[in-house]
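Peer 1: Quick one: the structure is below, questions incoming.
The values are calculated or read from the model by the stated rules, or taken from the named source; none is laboratory data. Note that the coordinates shown come from a computational prediction; the quantities given were computed from them, not determined experimentally. Here the Cβ is made from the backbone with ideal geometry for all residues, glycine too, and neighbour counts use every protein chain on show. All accessible areas refer to the heavy atoms of the entire protein, side chains included, with ligands and DNA or RNA removed. Shrake-Rupley method; radii C 1.70, N 1.55, O 1.52, S 1.80 Å.
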Amino acid sequence: RKVSQRPPPQGAAAMTASEGPSLCEPGGSGTLILPLFGDAEQRWPTALRAVLYCLGLAWCFMGVAIIADIFMGAIETITSKRSRRFNSVTGRHHTVLTWNPTVANLTLMALGSSAPEILLNVVETVVTNKMFAGDLGPSTIVGSAAFNLLIIIAVCVSAIPDGEIRKIKEMPVYCVTAVCSIFAYVWLLLVLMVFTPNVVTPLEGILTFLFFPLLALIAFAADKGYFGGKPRSKRALGTLVTADMTKEELADIEVQIRKEYGSHITDEQVTKIINLSSAEANSRAHYRVAATRRMMGGKRVLVERMSASSRSLTDILGARSKVVPFEPVEEETPQAKCTIEFGAANYAVLENSETVKIKVIRKGILDTVVVVRYKTRDGTAKAQRKGEENADYIETEGSLNFGPGETEKQIAVSILDDNTYEEDEDFFVDIFDARVVSSEPLGHVAPGGKQPKAIAVLVDPSGSEGAPLVSTKVTIIDDDMAGTICWAKEEVHLQQTPSDTVCTFEVNRRNGSKGNITCKYRTENATAAATVDYEATEGSIEFEDNVCVAQVPVKILGRGRYGSSANFRVVLTDVVGNGAKFDPNTDGGEDSCILTVYIDADKVAMERVDKMMNKLMAKLDKAKIGHSSWKDQFQSALFVNGGEEEGSDGPAWQDYAMHVVSFPWKLIFACCPPTDYCGGWVCFCVSLLMIGGVTVIIGDMANLFGCVLPFMENEITAITFVALGTSLPDTFASKTAATQDPYADASVGNVTGSNSVNVFLGLGLPWMIASLYWSGITSHDEWDALYQEDEDLAWMGPANKRAKAYVVKAGSLAFSVMVFTGCAICCICILAARRNFLGGELGGPKASKYLTSAVLVFLWLLYIFMSILKIKNAV
């Protein structure tokens, strides 16, 4: 077959055709690796070669999909990195994403999904055609963009269940990528047809490439809310559950959930709620890898449906998720009680005082007669008895009778004075045998009409009821000093609780109790932070005459804590009173008195967090798309579904078939370094080189496939077979994202962003390289033979005097871009109309879904048909 039967290609292939045998003839050149059997292969039957090349293309598309997903796994590892940052407000470290999600999607993620098309154009221009423009690469980029925008969105629209709607959530970012996806192809037309027709200058090449980082920068600004809407950082995203989160963070999440849904929910329910409401959304790479592995019989990746509402919480918690189930109990006779307690936990009295009066207080039901017995008891102070020498007080016992309405009684104990110096000494007063003795009916009736039964209950200083005996301590002080102020304990350890708790800390007055004294108190941070671990407080306490104990209340805030212990200080200052002072031997010295409060983790809660962490990590391991070692990679390559059972019946026959077909590729690419090495960057670089190698084979195979089909020019092959083969994994990934995600960003938004990157990076990079190369060339025989007398370049000057430049003939490429741009504008308008009238870009009523998909498929077929007519010079 002579090359004159079809329009000659551009660049080096055209030179080959003009000087000798063409690529399609024995002895021809224009490929790097194929044909494998040299000239002998060119003499095989044309039908056989057509079948082999077609199957070879399909097999190579399979290979590039597998290595592209390894590449995406490396990108996922890189972009999912997190760092620990200190928050000065909360006083704690928090885990944050290192990469902004929008920037990651438009840079590395877009490169990963479009790597085959981009590298195909780069390799064809720089390596295969030796800096001459090719036909295959640019047409593949435009054809892939058309397939992505029209066919993938058509599939996504129809994939949503009837009646459900998916809308784009990040509208500012989507608007930026949608506008840029149209501008990218308009820019391409301006370069090839208006500014410098059929030539790309260094300035145009550099600008095209720089639009790529500019797009990422503008989208980042939109993501942060500079163009309207809420910035992503201020939206209620919940806490991300990731493999590198700490148990401390998980403990915090658990407490937050129990506060919201009730402390009665089980650990299993907490874990399910965390998975539902706090888990990180599946990334673009995640969907792409999951789809490819399912097609190729590879190791499955867990993809769970992400819900935009809490509809699944009803399944987890039941309809009354925040209400503790009511269990009826046997009805008992109601009780009315009154409580008897001491007025203070401790009393102090000077040795020269004659008596000490101890208050006993009655609370609760007051319209009864209550009797309680009392008796003194020795401590270090001794009572006066027969034969007792050096007694300190007179033994006292008796009963207190509370009549109706009486709330307070006093117990008087006589104190004995002597002339001997003694340390402070203590004795105790006990109350016991409290009982109601009134026979008069109570003045009220309980619900149900039953007469309440009155009882009397003793209350100890800690607030506990029902003790058979309650005591207060009386300290006999040897002199007339006002006393020394100090904490009962200089260090207190508390156990962290999930709910807020008010704790009281005891302040003692020692070595004197004469007169009233006051001091101030305040809290201050140490490793614990106010508003996070405790509630900051300040105030003053007062000791009345002969009172030796006071309490300082501090609220400890409920939160999760694992392992770590935090502490804060409560400081006493500014003591006021006749001779009162702070104990110089305690923390704080003479000027203050300091209590250090430690908040320790609850061991039971820690065990609970350990169990939840194990469950969450097991789930994340199933969802992980990369491998941690070569052993794991080769195991996944050697066995169907990576050696894991799929369902109760094991892998399906389709899994075995695809595994056998793709096994050579899996084995070769298992040699790529695992994603866990060097943060994924080693895998990123090696897999990118491997993608380049496979795209070289695809380019050669596509050229040879065109040779055996007289009607299949390279441009037609590019916009049909090659575009379809490189975009098929994205189709399945986007379909899964559309059905699983609550929003359309992962399916629609990623398409517009990827189409922009295809032009700015896929065309901009080789354009920049080639245009800079030709700007430095002064003599080149092949270029002169091709372009010095080309009438399409007449604007560059007279023949044989034209300066070297990178020539990209507009021809069918420009026409194809114009048709696609019109179809793209129609598609964007259709999506906008669906959002306006149906509430979302995807889904909706069955009729509207299928009508939208049919229109989009028609636009794609129109693009293919019109492009082929132009390539065939029919228009």
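Peer 1: With (1) modelled with pLDDT of 90 or more; (2) more than 19 Å from residue 579 (Cα to Cα); (3) in contact with a strand residue (DSSP E or B) (Cβ under 6 Å, 6 or more places away or on another chain) as the list, and residue 507 as the residue in question, which single condition is left unmet?
Peer 2: With (1) modelled with pLDDT of 90 or more; (2) more than 19 Å from residue 579 (Cα to Cα); (3) in contact with a strand residue (DSSP E or B) (Cβ under 6 Å, 6 or more places away or on another chain) applied to residue 507, the lone miss is (2).
Residue by residue, here is whether (1) at pLDDT 85 or above; (2) not in a strand (DSSP E or B) holds:
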residue	(1), (2)
352	no, yes
372	yes, no
376	yes, no
380	yes, yes
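Peer 1: Count, please, the residues in region 791-826 that happen to be open to solvent by less than 30 Å² (accessible area, probe 1.4 Å), touching a residue at least 40 places away in the same chain (Cβ under 8 Å) and farther than 17 Å from residue 191 by Cα.
Peer 2: So the count comes out to 2.
Peer 1: Please go through region 732-750 and give me each residue that is in a helix (DSSP H, G or I) and open to solvent by less than 10 Å² (accessible area, probe 1.4 Å), ordered by number.
Peer 2: Answer for region 732-750, where residues must be in a helix (DSSP H, G or I) and open to solvent by less than 10 Å² (accessible area, probe 1.4 Å): 733, 737, 738, 747, 748.
Peer 1: Right, something else. Search region 23-38 for residues that are among the aromatic types (Phe, Trp, Tyr) and pair each with any residue that is at pLDDT 80 or above when their beta-carbon atoms are under 9 Å apart and the residues are at least 6 apart or on different chains.
Peer 2: 37/44
Peer 1: With respect to the numbered conditions (1) of a type outside the set (Asp, Glu); (2) farther than 25 Å from residue 61 by Cα; (3) buried (at least 24 other Cβ atoms within 10 Å of the Cβ), which one is the sole condition not fulfilled by residue 761?
Peer 2: Checking residue 761 against (1) of a type outside the set (Asp, Glu); (2) farther than 25 Å from residue 61 by Cα; (3) buried (at least 24 other Cβ atoms within 10 Å of the Cβ), the one that fails is (2).
Peer 1: Now a separate question. Can you pull out every residue in region 530-556 that is farther than 30 Å from residue 347 by Cβ, in contact (Cβ under 8 Å) with a residue 60 or more places away in the chain and open to solvent by 10 Å² or more (accessible area, probe 1.4 Å)?
Peer 2: The answer is 531, 532.
Residue-by-condition table, conditions (1) open to solvent by less than 10 Å² (accessible area, probe 1.4 Å); (2) in contact with a Cys (Cβ under 9 Å, 6 or more places away or on another chain); (3) not acidic (Asp, Glu):
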{"position": "664", "(1), (2), (3)": "no, no, yes"}
{"position": "667", "(1), (2), (3)": "no, no, yes"}
{"position": "675", "(1), (2), (3)": "yes, yes, yes"}
{"position": "694", "(1), (2), (3)": "yes, yes, yes"}
{"position": "710", "(1), (2), (3)": "no, no, yes"}
{"position": "715", "(1), (2), (3)": "no, no, no"}
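Peer 1: Oh, and also: Could you say which residue among 571, 554, 532 is within 44 Å of the chain's Cα centre (by Cα), of a type in the set (A, V, I, L, M) and in a loop (DSSP other than H, G, I, E, B)?
Peer 2: Step by step, each of 571, 554, 532 is checked, and only 532 is within 44 Å of the chain's Cα centre (by Cα), of a type in the set (A, V, I, L, M) and in a loop (DSSP other than H, G, I, E, B).
Peer 1: Does region 132-173 hold any residues that are of a type in the set (A, V, I, L, M), part of a helix (DSSP H, G or I) and under 28 Å from the mean Cα position of the chain (by Cα), and which are they? Walk me through how you get there before you give the answer.
Peer 2: Initially, region 132-173 is screened for residues of a type in the set (A, V, I, L, M), giving 133, 136, 141-142, 145-146, 149-155, 157, 159-160, 165, 168, 171, 173.
If we keep only those that are part of a helix (DSSP H, G or I) too, we end up with 136, 141-142, 145-146, 149-155, 157, 159, 171, 173.
Matches in region 132-173: 152, 153, 157, 159, 171, 173.
Peer 1: Shifting gears a bit: Please go through (1) under 29 Å from residue 37 (Cβ atoms); (2) at pLDDT 90 or above for residue 685 and return the number of the only condition it doesn't satisfy.
Peer 2: (1)
Peer 1: Among the residues of region 486-496, is there at least one that is at pLDDT 90 or above, farther than 25 Å from residue 341 by Cβ and crowded, with 17+ Cβ neighbours inside 10 Å?
Peer 2: yes
Peer 1: Name the residues in region 828-875 that are out of contact with any Leu (no Cβ under 6 Å at 6 or more places or on another chain), open to solvent by 20 Å² or more (accessible area, probe 1.4 Å) and not in a helix (DSSP H, G or I), would you?
Peer 2: If the condition is that a residue be out of contact with any Leu (no Cβ under 6 Å at 6 or more places or on another chain), open to solvent by 20 Å² or more (accessible area, probe 1.4 Å) and not in a helix (DSSP H, G or I), then 839, 845, 872, 873, 874 are the ones that fit.
Peer 1: Still on this structure: Take the residues of region 718-731 that are among the β-branched types (Val, Ile, Thr) and buried (at least 24 other Cβ atoms within 10 Å of the Cβ): which is nearest to residue 872 (Cα to Cα)?
Peer 2: 719
Peer 1: Determine if region 103-120 includes at least one residue that is charged (D, E, K, R) and open to solvent by less than 20 Å² (accessible area, probe 1.4 Å).
Peer 2: yes
Peer 1: Could I ask something else about it? If a residue must be within 20 Å of residue 545 (Cβ to Cβ), in contact with a strand residue (DSSP E or B) (Cβ under 8 Å, 6 or more places away or on another chain) and in a loop (DSSP other than H, G, I, E, B), how many such residues does region 574-595 contain?
Peer 2: 3
Peer 1: Taking region 109-140 on its own, how many of its residues are in contact with an Asp or Glu (Cβ under 9 Å, 6 or more places away or on another chain) and under 24 Å from residue 76 (Cα atoms)?
Peer 2: 4
Peer 1: While we're looking at this one, here's another question. When only residues in region 497-525 that are surrounded by 15 or more Cβ atoms within 10 Å (Cβ to Cβ) and among the aliphatic types (A, V, I, L, M) count, which is nearest to residue 256 (Cα to Cα)?
Peer 2: Result: 507.
Peer 1: Which one is nearest to residue 396 (Cα to Cα), of the residues in region 357-369 that are open to solvent by less than 20 Å² (accessible area, probe 1.4 Å) and modelled with pLDDT of 90 or more?
Peer 2: 358
Peer 1: Determine which single condition residue 478 fails, assuming it passes every other condition in (1) touching a strand residue (DSSP E or B) at 6+ places or on another chain (Cβ under 7 Å); (2) at pLDDT below 85; (3) surrounded by 15 or more Cβ atoms within 10 Å (Cβ to Cβ).
Peer 2: It fails just one condition, (1).
Peer 1: Does region 426-445 include one or more residues that are of a type in the set (A, V, I, L, M, F, W, C) and modelled with pLDDT under 80?
Peer 2: Yes, region 426-445 contains a residue that is of a type in the set (A, V, I, L, M, F, W, C) and modelled with pLDDT under 80.
Peer 1: Looking only at residues that are open to solvent by 20 Å² or more (accessible area, probe 1.4 Å) and at pLDDT 70 or above in region 269-298, which one is farthest from residue 639 (Cα to Cα)?
Peer 2: Here the residue is 269.
Peer 1: Restrict the check to region 324-345 and report whether at least one residue is at pLDDT 75 or above and open to solvent by 60 Å² or more (accessible area, probe 1.4 Å).
Peer 2: yes
Peer 1: Considering only residues of region 563-607 that are of a type in the set (Ser, Thr, Tyr) and touching a Ser or Thr at 6+ places or on another chain (Cβ under 7 Å), which is most open to solvent (accessible area, probe 1.4 Å)?
Peer 2: Residue satisfying both the conditions and the ranking: 598.
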